[in-house]
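Report on one structure; see the data block that follows.
What follows is calculated from the coordinates using simple rules that are stated; it is not laboratory data. The model shown is predicted, which means the values in this text are computed figures rather than measured ones. Here the Cβ positions follow ideal geometry from the backbone for every residue, glycine too, while neighbour counts run over all protein chains shown.
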Amino acid sequence: MSDMMQERSQNQPPDATAATARNRRPRWMRRLLRHPNVVFGSLIFLGLLLVALFADTLSTHKPTRLFPANRLTAPSVQNYLGTDEFGRDVYSLVLHGSRVSLIVGGVTMLLTSLGGVVIGLAAGYSRRLDPVIMRFMDGLMAFPAILLAIALMAARGPGVWNVIVALSIVYMPRTAMLIRSTVLSLRELDYVQAARALGRRDLTLAYRHILPNCMGPLLVQGTFIFAYAVLAEAILGFLGVGVPPYVPSWGNVIASGKNTIREAYWVSFFPGAALTLAGLSLNLLGDGLRDTLDPRLRVQ
Amino acid sequence: MARYLTHRLLALLPVMAVVVTIVFLLIHLIPGDPVSVMLGPDATEVQIEATRRAMGLDRPIHEQLLLFYSRILRGDLGQSYFLDRPVTTALWERAEPTLVLTFSALLVAVIIGVPSGILAGAYRGSLWDRTLMTGALMGVCIPGFWLSLNFIYLFAVQLGWLPAAGYTSLFVDPMATLRHMVLPAVSLGFNQSALIARIARSCMLEVLQQDYIRTARAKGLSQQAVVYEHAFRNAMVPVTTVIGITMAILIGGAVVTEIVFNIPGLGRLIISAILRRDYPVVQGVVLVTAAAYVLINLVVDMVYAFIDPRIRYE
């Protein structure tokens, strides 16, 4: 006990330093930490992340183990959230399902941001490339998002990586268009013109002066794309064209619950509730980030 | 207006050209040989060769693309291998349930979304505002297909009020259509009503800050007169656009809802076509929905330009 106290007092900086540390935090960070949506959203998201990381420890059963004798049992002490039509433990399935959702959501967010930045910068910078790129993006945006994803999955077949690629293709144009419009408005600003007059090359200009100013909108957009991708992954799994049926994912479990909805509501109910929670956390986070980082987009 | 319309129609051509090209490329994204994938492991070399020639897949890719364009322009979407009929016929047979579902869901979304948004905006910060906006946030987060399953469990399995699945044609028994449509339309429309409510609220807030609203208040008009006679109509202008976008999103959502409720529409057609590797049907459904999406957006822009003349001169 006393050791702990000592340790804490050593780690704790004196009040004055703490105050300056707080002041040194950038204003946007202080604003973020004060925004209830951001705090609440991040807490739920952090919880999901921990669940995904420690799914093996937290599970009571092996999620892929079939136990037909124990099929469709109601929630109980043995199976907290009941079992599905193959006797798999729904609680363990839901815990492990978070992995697929977070991986698909996170990697899709990264790929769309990366691709969107490259395409958006190219379009915003090059007057020759712009019309070609933008017509192609218009074409991609002309498909209902989920249908294009279904069609791409139809061609490539089931698989986690295929889902990620399909969703990245579907959502990339939104990020690309956002970056392009940001670049178009930024490049006319005085400070960019000044840097150009100083002889900075295009690439340096883009990297040093334009890109940092795109980060706010990019982060906001990325959070929403994360949310879309988690939902879209579940929809693809539910339709039977997402990750293979033997991989525990929320969409796959909900699909198996659809077949047994008359006897066992719990099979589809709990993974769906988890999906809703994930959507809620990302939407809260996205709304909060938008309010603090991108005042132009603020909904009053 | 005519000039604006022509301009917009011409702008559609490159978009549709890209759409057709992407749909064409879908076949070429299939790993390995698409024809052997399509015909399955039992197909003989001769069958594979014949199908390849029939689909034109033995020609160089640029020729294939030109052929595909010319076929699409003639309204020929190819032949369904499994259903044994032209894809266009298969699409026509399945269009009714999807259209009925999309329009009923749109109706639900507008009926819930517009009044909630207007009310929340008009009484900003009130209990109404907070309740409705929490509802709207949940509407955005709750996945439509999961909501459908819960509705089925509650209203069909437990209470037995409505049918759990299926569809009756509007031309056979409209009352049965209505009964079959209630659950799908509400679960599909609820998500979108949330979007409409959020936009309607922020439009309302923006309009209420305008000078003419202050003038109306200064004249001594009641809050109700200000809200319903002055603000409402102006706030509705951008909301029309959102309603149009909603309609386009609903087409995609209908696919999923049809699977949940076993409605024999375009969504079930495309999913069963994928499982049977009937790629011409997959291409057909995707192309037709994308074309519908583009056309709806055009109509929305037209309506917007009609309501708000400033758009036309930009």
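Laid out as a table, the results:
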{"read-out": "Rounded if a/c under 1.5, otherwise prolate or oblate - region B:261-314, Cα gyration tensor axes", "value": "prolate"}
{"read-out": "Average partner coverage of B:243-251, which counts Cβ from other chains inside 10 Å", "value": "1"}
{"read-out": "Neighbour count of at most 14 Cβ within 10 Å plus DSSP loop: longest trypsin sites (Lys or Arg not before Pro)-free window in chain A", "value": "A:129-200"}
{"read-out": "Distribution of pairwise C-alpha distances over region B:53-185, 5 Å bins, in %", "value": "2, 8, 11, 13, 12, 11, 10, 9, 9, 7, 5, 3, 1, 0"}
{"read-out": "Isotropically averaged projected area of region A:16-161, using the convex hull of Cα atoms (one quarter of hull area), nm²", "value": "15.5 nm²"}
{"read-out": "Once exposed loop trypsin sites (Lys or Arg not before Pro) are cut out (DSSP; at most 10 other Cβ, 10 Å), longest piece of chain B", "value": "B:75-218"}
{"read-out": "For q = 0.09 Å⁻¹, Debye-computed log10 I/I(0) when each Cα of region A:187-300 counts as one equal scatterer", "value": "-0.44"}
{"read-out": "Loop-resident sites, region B:139-235, for chymotrypsin sites (Phe, Trp or Tyr not before Pro), counting at most 16 other Cβ within 10 Å (DSSP)", "value": "B:Trp161, B:Phe171"}
{"read-out": "Highest-fluctuation residue, A:Ala154, A:Ala69, A:Ala55 considered, GNM on chain A with Cα pairs under 10 Å", "value": "A:Ala69"}
{"read-out": "Leading residue at positive end of dipole, the protein assembly as shown (Cβ point charges), from A:Leu189, B:Ala185, A:Pro63", "value": "A:Leu189"}
{"read-out": "Neighbouring partner chain Cβ atoms per residue of B:195-201, average, 10 Å criterion", "value": "1"}
{"read-out": "Acute angle (nearest 10 degrees) that the helix A:129-141 long axis makes with the longest principal axis of chain A, alpha-carbon atoms", "value": "20 degrees"}
{"read-out": "Convex hull (Cα only) mean projected area of region B:48-97, reported in nm² to one decimal", "value": "4.2 nm²"}
{"read-out": "Max mean-square fluctuation residue, GNM over chain B, Cα-Cα springs under 10 Å, options B:His28, B:His180, B:His62", "value": "B:His62"}
{"read-out": "Lys, Arg +1 and Asp, Glu -1 on Cβ, resulting dipole of the protein assembly as shown about Cα centre, debye, nearest 20", "value": "1760 debye"}
{"read-out": "Fluctuation leader among B:Gln47, B:Gln192, B:Gln79 - chain B, Gaussian network, Cα springs under 10 angstrom", "value": "B:Gln47"}
{"read-out": "In degrees, nearest ten, helix B:45-55 long axis to first principal axis of chain B (Cα)", "value": "50 degrees"}
{"read-out": "Span per principal axis, largest first, for the Cα atoms of region B:94-307 (Å)", "value": "67, 42, 32"}
{"read-out": "Contact order normalised by residue count of chain A, Cα under 8 Å, 6+ apart, percent", "value": "25 percent"}
{"read-out": "Alpha carbon centroid spacing (whole Å) that separates region B:204-251 from region A:197-241", "value": "33 Å"}
{"read-out": "Tail weight of P(r) past 19 Å, computed on alpha-carbon pairs of region B:1-65, percent", "value": "50 percent"}
{"read-out": "Paired Rg and Dmax values of the protein assembly as shown, which use every Cα atom, in angstrom", "value": "26.4, 85"}
{"read-out": "Angle between chain A longest axis and helix A:15-24 axis [Cα atoms, degrees, rounded to 10]", "value": "70 degrees"}
{"read-out": "At most 12 other Cβ within 10 Å, DSSP loop - chymotrypsin sites (Phe, Trp or Tyr not before Pro), region A:218-284", "value": "A:Tyr246"}
{"read-out": "Helix-only mean residue ellipticity at 222 nm for chain A, each DSSP H run of n ≥ 4 adding -39500 (n - 2.57), per residue, nearest 500", "value": "-23500 deg cm²/dmol"}
{"read-out": "Estimated distance in nm for a label pair at A:Thr260 and A:Thr64, the labels positioned 7 Å out from Cα along Cα-to-Cβ", "value": "2.0 nm"}
{"read-out": "Mean separation of Cα contacts under 8 Å, 6 or more apart, over the residue count of chain B: relative contact order %", "value": "25 percent"}
{"read-out": "DSSP-loop chymotrypsin sites (Phe, Trp or Tyr not before Pro) across region B:26-132, with at most 16 other Cβ within 10 angstrom", "value": "B:Phe82, B:Tyr123"}
{"read-out": "Inter-centroid distance (Cα atoms) of region B:24-100 relative to region A:37-82, Å", "value": "43 Å"}
{"read-out": "Rel. contact order, % - alpha carbon contacts under 8 angstrom, at least six apart, region B:30-164", "value": "7 percent"}
{"read-out": "Computed Rg/Rh of chain A, alpha carbon atoms with Kirkwood Rh", "value": "1.07"}
